[in-house]
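Q: What follows is a structure written as structure tokens; I'll ask about it next.
The values are calculated or read from the model by the stated rules, or taken from the named source; none is laboratory data. Small disclaimer: the values here were computed from a predicted structure and weren't measured. FYI the Cβ positions are ideal-geometry reconstructions off the backbone, even for glycines, and counts take in every protein chain you see. These area figures cover heavy atoms from the full protein model, side chains too; ligands, DNA and RNA do not enter into them. Shrake-Rupley method; radii C 1.70, N 1.55, O 1.52, S 1.80 Å.
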Amino acid sequence: MIQLQDVSAGYGGPPVIREITLDLNPGEVLVLLGPNGCGKSTLLRAIAGLQPLYGGQVLVDGAPAARLSRRQLAQKITYLPQSRSVPNITAYRMVLHGRFPYLSYPRRYRPEDHAAAERALKQADAWSLAGLPVQTLSGGQRQKVYLAMALAQDTQTILMDEPTTYLDIRHQLDLLSFSRTLAKEGKAVVLVLHDLCLALRFAHRGAVLDGGRLLQTGTPEELFSSGVLNRTFHTPLARLHTEAGWRYYYD
Amino acid sequence: MKSSRTSSIPDPRPTGRVLAGLLLLTLVSAVLSLCLGSTSVISPALVPQALLDGTLEGQIIQYVRLPRTCGCLLAGAALAVSGAVIQGVLNNPLAAPNIIGVNSGAGLLVVLCSALFPQSVALTPLAAFLGAFLGVLLVLLIAERTGASRITLVLAGVAVSNIFSAGIDALVTFFPDAVLSYTDFRIGGLNNLSMDRIVPAFWVVCVALLLLFSLSSEMDILSLGRETAQRLGLPVKPLRLLLLALAAALAGAAVSFAGLLGFVGLIVPHIMRRLVGEDSRPLLLSCALGGAALLTLCDLLSRVLFAPYEIPVGIVLSLAGGPFFIWLLLRQRGGRIV
């Protein structure tokens with residue numbers, strides 16, 4: 001389990017996120033919400049150990065992340081960034097590389113790594129793409145492959161920065177449903193999403209950031225009722241009760 | 001379990017066949033290099049007998065063509081693999097040992113070493129390595145400090161290369177005897193080679209190649225991008241330094257006896273990437289074979305084109321490599337490599 005205690009971080013200048021305290025609970029989809037530039041991506045990078053902290057600490061299963069090696073951290077946290085390089089290798093090879101944190105020198109992939117890669121590709125509905133070069137895939141297909149790579153890494157916490165960016169609505173819904181499935185399997189899933197309506201529909205819990213500070217955390221119902229979303233986004237949000245639960249929309 | 005699973009995934013590239021073809025090409029080019037030359041033509045079948053009998057042809061093969069062929073194979077393989085590693089680590093398809101100042105850095109220290117310690121031939125590979133590493137470190141520093149775009153990095157490399165080249169010219173002006181044949185050294189040439197000069201470089205190349213092959217998985221991860229590599233648990237900074245040091249050792253070893261050969265380190269990795277893809281192990285292997293074959297064949301051409309006169313192999317390489325480089329620039333215009 002990952003816990004953030006008073007975490008501040010930035011890019012060398014003034015802090016972009018300030019004194020954030022937050023728990024990433026297993027079995028839960030947590031969505032980070034906030035306007036552009038509020039520090040959502042920086043927060044994910046800080047959790048993943050890619051951004052040096054100005055202050056506070058990230059605890060991984062109770063131990064400070066700073067004491068873990070990169071390899072140990074990669075066995076605990078998967079991070080899917082917003083923009084990614086597209087190497088000229090097959091999707092299968094790409095997914096297999098997700099197993100890298102588990103290899104020791106001379107780092108040759110073992111049968112169990114191949115099995116994990118196959119399982120991840122099938123789970124992400126990307127097995128039919130396995131033999132194709134990643135560069136030839138469409139944005140949606142690539143996203144599936146990156147997701148499979150993240151699954152192959154097999155960590156308890158998965159961080160995804162705007163994972164729905166290249167996806168049509170069908171694939172967006174599939175991905176968010178899949179996030180719920182992963183949570184049901186006991187993983188902590190943290191998403192940065194810009195679509196408030198989808199975020200509130202699929203999240204177990206939301207964290208609202210503004211100006212680098214954490215304003216409030218709570219269930220979608222709590223966040224909606226408190227009015228924090230309207231104040232942060234300056235856009236009136238409404239909801240409608242359906243048989244499947246609350247559905248949110250902009251009024 | 002592994003084989004049954006992976007066999008169901010079609011491999012889009014015929015890697016095995018390409019490697020076998022390259023091995024054959026390398027062997028054929030080596031045999032041709034031993035048999036053909038400016039003075040006499042020998043049938044491959046007669047080479048062992050000529051060597052045993054100690055005839056004139058046998059002596060030519062033993063003391064002239066054999067060292068030269070070995071030098072070609074070694075320098076070609078070393079420069080091509082060095083180019084592939086540098087391109088991979090800097091994530092820049094235009095980076096190559098001769099372009100970003102690695103070769104000229106090696107050349108500068110080789111000439112300096114020859115000028116200051118003319119008797120110490122054994123020091124040459126070490127000096128070449130230090131010079132090459134200095135070149136690669138400078139370019140890496142520029143890349144890290146400025147977050148330079150790919151084209152800026154190449155321009156910075158060209159500047160570093162020119163500074164080193166000016167140093168070489170200045171040294172040769174003050175110490176004209178520092179290099180045996182200035183023209184051959186500047187544009188790369190493999191005549192007047194003896195086994196004594198190749199052997200130290202041979203060991204350097206062997207060790208560097210073995211280490212690079214053992215790090216091929218790390219290179220695969222690094223090629224996914226610096227950040228992806230980091231989040232997969234790779235210690236990116238030390239690994240980049242180590243890989244560049246090994247690439248510098250390879251380029252330095254080649255420069256120590258073959259001079260400032262250009263283009264092998266640029267064009268061979270590009271051709272091989274198209275043939276076998278970007279997986280490091282087949283890529284490095286194919287680069288080693290392809291580089292060895294290309295340099296040996298170009299050297300052969302340089303010997304027989306205007307026989308009995310020879311031209312430095314660097315000229316043939318540049319005539320073949322220059323147009324390819326321009327084609328590469330044209331093909332990748334529109335910002336894809338910038």
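Q: In debye, nearest 20, what is the charge dipole magnitude of the range A:86-147 about its Cα centre with +1 on Lys and Arg Cβ and -1 on Asp and Glu Cβ, if you could check?
A: My answer is approximately 120 debye.
Q: Can you tell me how much longer the chain between A:Phe233 and A:Lys184 gets when fully stretched, taken as 0.36 nm per residue apart minus their C-alpha distance, in nm with one decimal? All intermediate terms of the calculation are to be shown ahead of the outcome.
A: Values: separation 49, 0.36 × 49 = 17.64 nm, distance 3.02 nm.
Full-extension gain reported as 14.6 nm.
Q: In debye, nearest 20, what is the charge dipole magnitude of chain A about its Cα centre with +1 on Lys and Arg Cβ and -1 on Asp and Glu Cβ, if you could check?
A: 760
Q: Of the options A:Tyr92, A:Ala124, A:Gln141, report the single residue whose Cα projects farthest towards the positive end of the charge dipole of the range A:86-147 (beta-carbon charges: Lys, Arg +1; Asp, Glu -1).
A: Farthest along the dipole direction, towards plus: A:Tyr92.
Q: On to the next question. When a/c is below 1.5 the answer is rounded, else prolate if a/b is larger than b/c, else oblate, so apply that to chain A with a ≥ b ≥ c taken from the square roots of the Cα gyration tensor eigenvalues. Before the final figure, lay out the partial values.
A: Numbers: a/c = 1.92, a/b = 1.28, b/c = 1.50.
Because a/c hits 1.5 or more and a/b fails to exceed b/c, chain A counts as oblate.
Q: Calculate how steeply helix A:169-184 sits against the longest principal axis of the alpha-carbon atoms of chain A, using the helix alpha-carbon long axis, and give the answer as 0 to 90 degrees to the nearest 10.
A: Approximately 80 degrees, to the nearest ten.
Q: Something else: Taking amide hydrogens as modeled 1.01 Å from N in the peptide plane, which residues meet the under 5 Å criterion relative to A:Gln51, leaving out close sequence neighbours?
A: For A:Gln51, the qualifying residues are A:Ala46.
Q: Give me, ordered by chain and number, the residues 5 or more places off A:Arg213 or on other chains with an amide H under 5 Å from its own placed amide H.
A: A:Arg18
Q: Okay, next question. Compute, for the protein assembly as shown, the length of the dipole vector about the Cα centre, with Cβ point charges of +1 (Lys, Arg) and -1 (Asp, Glu) only. Units Debye, rounded to 20.
A: With only Lys, Arg, Asp and Glu charged at Cβ, the dipole is about 640 debye.
Q: Residue by residue through the range B:192-202, which ³J(HN,Hα) values in whole Hz follow from phi under the Karplus form 6.51 cos²θ - 1.76 cosθ + 1.60 (θ = phi - 60°), with glycine and proline marked x?
A: So the J values, rounded to whole Hz, are 6, 7, 10, 4, 4, 7, 7, 4, x, 5, 4.
Q: Take the alpha carbon gyration tensor of the range A:127-179, find the square roots of its eigenvalues, order them as a ≥ b ≥ c, and report rounded if a/c is under 1.5; if not, report prolate when a/b exceeds b/c, else oblate. It would help to have the intermediate numbers written out before the result.
A: Details: a/c = 1.89, a/b = 1.14, b/c = 1.67.
Taking the square roots of the gyration eigenvalues as a ≥ b ≥ c, the range A:127-179 is oblate.
Q: Just want the answer: with Cβ charges of +1 for Lys and Arg and -1 for Asp and Glu, which residue in B:Ile221, B:Leu193, A:Leu159 is farthest toward the dipole's positive end in the protein assembly as shown?
A: Of the candidates, A:Leu159 comes out farthest on the positive side.
Q: May I ask which of A:Lys122/A:Lys187; A:Lys40/B:Lys237; A:Lys40/A:Lys76; A:Lys40/A:Lys122; A:Lys122/B:Lys237 have a Cα-Cα span longer than 23 Å here?
A: From A:Lys122/A:Lys187; A:Lys40/B:Lys237; A:Lys40/A:Lys76; A:Lys40/A:Lys122; A:Lys122/B:Lys237, over 23 Å: A:Lys40/B:Lys237; A:Lys40/A:Lys122; A:Lys122/B:Lys237.
Q: Now for a separate question. Using per-residue counts of other Cβ atoms within 10 Å, averaged over each peptide, order B:126-133, B:79-86, B:258-265 from highest down.
A: On the way: B:126-133: 25.9, B:79-86: 32.4, B:258-265: 28.8.
Output ranking for B:126-133, B:79-86, B:258-265: B:79-86, B:258-265, B:126-133.
Q: Still on this structure, I have one more. Could you tell me the accessible area of A:Cys197 in Å² (1.4 Å probe, neighbours in place), rounded to the nearest ten?
A: 30
Q: For the range B:28-331, with the dipole built from +1 on Lys and Arg beta-carbon atoms and -1 on Asp and Glu ones, taken about the Cα centre, which of B:Gln230, B:Val204, B:Asn162 lies farthest toward the positive end?
A: So the residue we want is B:Gln230.
Q: If the viscosity is 1.002 mPa s and the temperature 20 °C, what translational diffusion coefficient in µm²/s does Stokes-Einstein give for the range B:28-331 when Rh comes from Kirkwood over Cα pairs?
A: Estimated diffusion coefficient is 111 µm²/s.
Q: Rounded, prolate or oblate: which one fits the protein assembly as shown, using the alpha carbon gyration tensor with axes a ≥ b ≥ c (rounded when a/c is under 1.5, else prolate when a/b beats b/c, else oblate)?
A: Since a/c reaches 1.5 and a/b is larger than b/c, the shape of the protein assembly as shown is classed as prolate.
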